[in-house]
Ligand code: SF4
Ligand code: SF4
């Protein structure tokens, strides 16, 4: 019995010690110390019993039984299958209504007048952000001449793709491939290029904006030209996002817009080289609503903050999309109730959002679709004050932790059991704090 108790104590202490080491590598001092403390508290009863009461069989077995029971309660699969999931899509959204399009409107111009004649309810809200310094402005709170110049360089480079790649020609006659072989090859190649996840779905009308809102084709009706969509995610660097809403955030966003854009362009040109039509979608050049396409391609679920929550990195990703006519094998979307359940309980993004743009309420039905919606005007207005795209919600989200063995174990537990999910949520607050702030993090540039 003594040996059994010491073994139990040792296994628990070692597991928590290993987790504490992982936290040290992640530079999470608070999480590391909390893990050591909790590990000690959990393993100590076995150690003490082994030392002093091993002959008292009742105490020893009771201890093992209690811990085993708690373990079973946490690990037993339980499904939170109580959330209503819409089978429909929102009505096609007009890109002219997104905040980036509205921010590009120039006062006194015909386009400006026409927009606000058609959307008088947006005028007052947009006047508020027009009074602020602006995104990447010299007068914004987080202005940094070098980091903002780097971010601008990334945006300029990605926009240059718009001219050169978007509508380039199909280069060869059709090269026959099987949809299965091609899909497998494409996914393997994309992983080589640096994507975290990739999926394929049938392109639906509802994936597309109704009208263009940015660039040369402003106000043009968007038609469905392709049958398939390839969606992929690229990682936003954790260290950079831990500094949200500092200048590092917009530098990292622009970098990943560029990476996602480059990979989308590579895939599109590759498909054209096989004799089929393909179009990359990237910053300033979208015809599709990326999170919707990515969700239907099986890349994740839409969470409280309105972003795609991927199983690997939560919302800490950028999404790239290529639409095409080349025959491909599609993946499928299955509603992930564990995300709805976790987001319903968590609300950490809402608690930390400096502009209060994220709702604390449960999902609601809006235009026939049950989902969370955020206050885009409030969010964007905050961006124009700080000068960056903030990213605080992404930083604090418990799903955003690194893609490693320890966090993946927790992610599996959350998916498996809603009781474990509640426990993991409490632990996240203990380890990282309910409102973590960013003072403890050091910029890679300092
Ligand atoms: S912070 Fe919490 S509520 Fe917000 S998206 Fe992440 S898991 Fe959901
Ligand atoms: S980016 Fe910032 S302001 Fe916008 S919703 Fe997220 S936390 Fe709020």
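Every read-out reported here was derived from the displayed coordinates using simple, explicitly stated rules and does not represent laboratory data. Just so you know, these numbers come straight off a predicted model, no measurement behind them. In this analysis, Cβ positions are derived from the backbone assuming ideal geometry, glycine residues included, and neighbour counts consider all displayed protein chains.
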**Request:** Evaluate E = 1/(1 + (r/R0)^6) for residue 193 and residue 351, where r is the Cβ-Cβ distance and R0 equals 51 Å; express this FRET efficiency to the nearest 0.05.
**Result:** 0.90
**Asked** By how many nm would the segment from residue 220 to residue 157 lengthen if fully extended, with 0.36 nm per residue of separation less the alpha-carbon distance?
**Response** 20.2 nm
**Asked** Which residue fluctuates the most in the chain, going by a Gaussian network model with Cα springs under 10 Å, if the choices are 126, 242, 296?
**Response** 126
**Fill in**
Site residue 360, offset 7 angstrom along Cα→Cβ, radius 17 Å on amide nitrogen, limited to the stretch 375-413, gives 375
**Message:** Just to confirm the number: angle between the C-alpha axis of helix 57-75 and the first principal axis of the chain, 0 to 90 degrees, nearest 10?
**Reply:** 10
**Prompt:** When the chain is treated as a GNM, springs tying every alpha-carbon pair under 10 Å, which of 279, 111, 318 comes out with the largest mean-square fluctuation?
**Reply:** 111
**Asked** Taking Cα centroids, how far is the stretch 389-446 from the stretch 119-134 in Å?
**Response** 34
**Request:** Obtain the nm distance between the two label points defined at residue 375 and residue 269 by a simple spin-label model: each point lies 7 Å from its Cα along the Cα-to-C-beta direction.
**Result:** 4.5
**Asked** Classify the stretch 72-181: rounded, prolate or oblate, from the alpha-carbon gyration tensor (a ≥ b ≥ c, eigenvalue square roots; a/c under 1.5 rounded; otherwise prolate if a/b is larger than b/c)?
**Response** oblate
**Complete:** Here the gain from full extension of residue 41 to residue 72, 0.36 nm per residue of separation minus their alpha-carbon distance, amounts to 9.2 nm
**Message:** Taking every alpha carbon pair in the chain, what does the distance histogram look like in 20 angstrom bins from 0, in percent?
**Reply:** 22, 52, 21, 5, 0
**Fill in**
Percent relative contact order for the stretch 2-75, counting Cα pairs under 8 Å at least six residues apart, stands at 35
**Nearest 10 degrees, 0 to 90: helix 247-273 Cα axis against the chain principal axis** = 70
**Request:** Would you mind computing, in nm to one decimal, how far apart the modelled labels at residue 113 and residue 27 are, each placed 7 Å from Cα along Cα→Cβ?
**Result:** 5.3
**Prompt:** Where does helix 337-346 land angle-wise versus the long Cα axis of the chain, in degrees 0 to 90, nearest 10?
**Reply:** 80
**Sequence-separation-based contact order of the chain, relative, with Cα cut under 8 Å and 6+ spacing, percent** = 21
**Item:** Inter-probe distance in nm under a simple model that places probes 7 Å from Cα toward Cβ, at residue 143 and residue 62
**Value:** 6.8
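Would you mind putting 208-218, 327-337, 378-388 in packing order, based on average other-beta-carbon counts within 10 Å, highest first?
Descending packing order for the listed peptides: 378-388, 208-218, 327-337.
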